[in-house]
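Here's the structure, in structure tokens; my notes come after.
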Amino acid sequence: MKKIQMVDLQGQYQQIKETVDTSIQSVLDTSTYINGPLVKDFQKDLEDYLQVKHVIPCANGTDALQIAMMGLGLQPGDEVITADFTFAATVEVIALLQLTPVLVDVEPDTFNIDIEAVKKAITPRTKAIVPVHLFGQVANMDAILEIAKEYNLYIIEDNAQAIGANYTFKDGRKQKAGTIGNVGTTSFFPSKNLGCYGDGGAIFTNDDELAHTIRGIVNHGMYTRYYHDVVGVNSRLDSIQAGVLKAKLPHLDTYCNTRRNAALFYNNAFANNPNIITPTTKSNATKNCGQICEVCDCHVFHQYTLQITNGKRDELHQHLLEKEIPNAIYYPVALHAQKAYKDERYNEADFPVTNDLIKNVISLPMHTELDNVQLTFITETINNFIK
């Protein structure tokens, strides 16, 4: 059995080596390192894939979130509601812009933002909701759109983990994650489903005026060189990373399907273990698929995350490491409990699900190069330990 990796980027690279190398070499040959033709080519390819009017590449996923909020004109003191159970970048940019983060609990099955908690958190100062499509599954966008319409709120989709996923609306329409709200953002961090070989990110919108504003913000506020029309930042996707992403984008759906197949293997292997809760899928608020169905496209399994219900999560974590099975705990501390984001507004009783998840979740190896021998070893090791 080959060594198990949490993410096997080298194995994936070998499958597309010629195309990637050719893209990178073209940048070296032309020395068009910033805003070169490959950046524009990738931008157009991603717009076509997502069926969105505007993709604005930028330097990383955190910048994408910050720039999206800047583009919407949010002001210091404005409240922005987001999920408590996610990576800190989501709330980090809210704080950096001197906006007021409002953290709310998540659903116990999807780990995505809880709709009733969102409703309770709205005040006259609320200006935006940031649903995080966590671990690769789209949040309940039907409900979020209804709330945003009722209270005149912006929707900023944090799509760092779910690029390629579809959301099926109640009326049967499908739309790509990240293209549903006013603006969406993503990260191209190397381990993402669509990852480059460094840092990278992008912003998506169908709003022409917002796209124009954002294009200025990412480039020092310039539309014409040395003429600064808006306050901006320096956040550009470099040409080498664009070349890597352009080479990988045609494979994204295959990558997502491969991850789903691995997730289905995991789910089947753990189905009869009473102390393990496997990931569930929801194509929308009204359809709980439960198991991964044959036509699943609502979850792209950026992470495959179990809940261990017998109190032995930490023991399992160490046992797997001893067996040379990489694993991770996303996330060990709730955002509302982090030193940087503690606030007297928060009541522990408002976060029962998050406080439970941080004690129980564990994520297993998940990538495009997993084989059945590795998956069998991983699942048998876990089932033999968690009984």
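The values are calculated or read from the model by the stated rules, or taken from the named source; none is laboratory data. These numbers were taken from a predicted model, which means no experiment stands behind them. Using ideal geometry, Cβ is built from the backbone for each residue, glycine included, and neighbour counts are taken over all protein chains shown. Heads up: the accessible areas ignore ligands, DNA and RNA and are worked out on the full protein's heavy atoms, side chains in. Shrake-Rupley method; radii C 1.70, N 1.55, O 1.52, S 1.80 Å.
Annotations
- Residue satisfying condition, being under 24 Å from LYS342 (Cα atoms), under 21 Å from the mean Cα position of the chain (by Cα), β-branched (Val, Ile, Thr) and open to solvent by 40 Å² or more (accessible area, probe 1.4 Å), within set THR62, THR86, THR90, THR82: THR62
- As a summary of the residue check, PHE135 satisfies the conditions (1) touching a helix residue (DSSP H, G or I) at 6+ places or on another chain (Cβ under 8 Å); (2) part of a helix (DSSP H, G or I); (3) open to solvent by less than 30 Å² (accessible area, probe 1.4 Å) except for the one numbered (1).
- Qualifying residue in the stretch 323-342 (condition: farther than 30 Å from ILE94 by Cβ, small (Gly, Ala, Ser) and either modelled with pLDDT of 95 or more or open to solvent by 60 Å² or more (accessible area, probe 1.4 Å) (or both)): no
- Some residue of the stretch 68-78 being open to solvent by 30 Å² or more (accessible area, probe 1.4 Å), in contact (Cβ under 8 Å) with a residue 60 or more places away in the chain, aliphatic (A, V, I, L, M) and more than 17 Å from ALA242 (Cα to Cα): yes
- Selection of the stretch 78-126 for residues being assigned to a strand (DSSP E or B) and of a type in the set (Gly, Ala, Ser) yields only ALA83.
- Positions within the stretch 201-231 being in a loop (DSSP other than H, G, I, E, B) and either within 22 Å of PRO131 (Cβ to Cβ) or open to solvent by 30 Å² or more (accessible area, probe 1.4 Å) (or both), in sequence order: ASN206, ASP207, HIS220, ARG225, TYR226, ASP229, VAL230, VAL231
- Meets criteria (open to solvent by 40 Å² or more (accessible area, probe 1.4 Å), part of a loop (DSSP other than H, G, I, E, B) and either touching a Pro at 6+ places or on another chain (Cβ under 6 Å) or of a type outside the set (Asp, Glu) (or both)) for VAL7: yes
- Screening the candidates GLN25, GLN43, GLN14 for the property of being modelled with pLDDT of 95 or more and within 29 Å of ILE155 (Cβ to Cβ) yields one hit, GLN43.
- Residue match in the stretch 293-304 (condition: open to solvent by 20 Å² or more (accessible area, probe 1.4 Å) and at pLDDT 95 or above): yes
- Test: residue in the stretch 159-168 that is at pLDDT below 95, part of a loop (DSSP other than H, G, I, E, B) and in contact with a Ser or Thr (Cβ under 6 Å, 6 or more places away or on another chain): no
- Under the condition of being aliphatic (A, V, I, L, M), part of a helix (DSSP H, G or I) and open to solvent by less than 30 Å² (accessible area, probe 1.4 Å), the residues counted in the stretch 359-385 number 3.
- Subset of the stretch 19-59 [open to solvent by 20 Å² or more (accessible area, probe 1.4 Å) and of a type in the set (Phe, Trp, Tyr)]: TYR33, TYR49
- Near pairs, Cβ below 9 angstrom, 6+ apart or cross-chain, from the stretch 338-364 (over 27 Å from TYR266 (Cβ atoms)) to any residue that is acidic (Asp, Glu) and part of a loop (DSSP other than H, G, I, E, B): TYR346/ASP84; ASP350/ASP84; ASP350/ASP105; PHE351/ASP84; PHE351/ASP105
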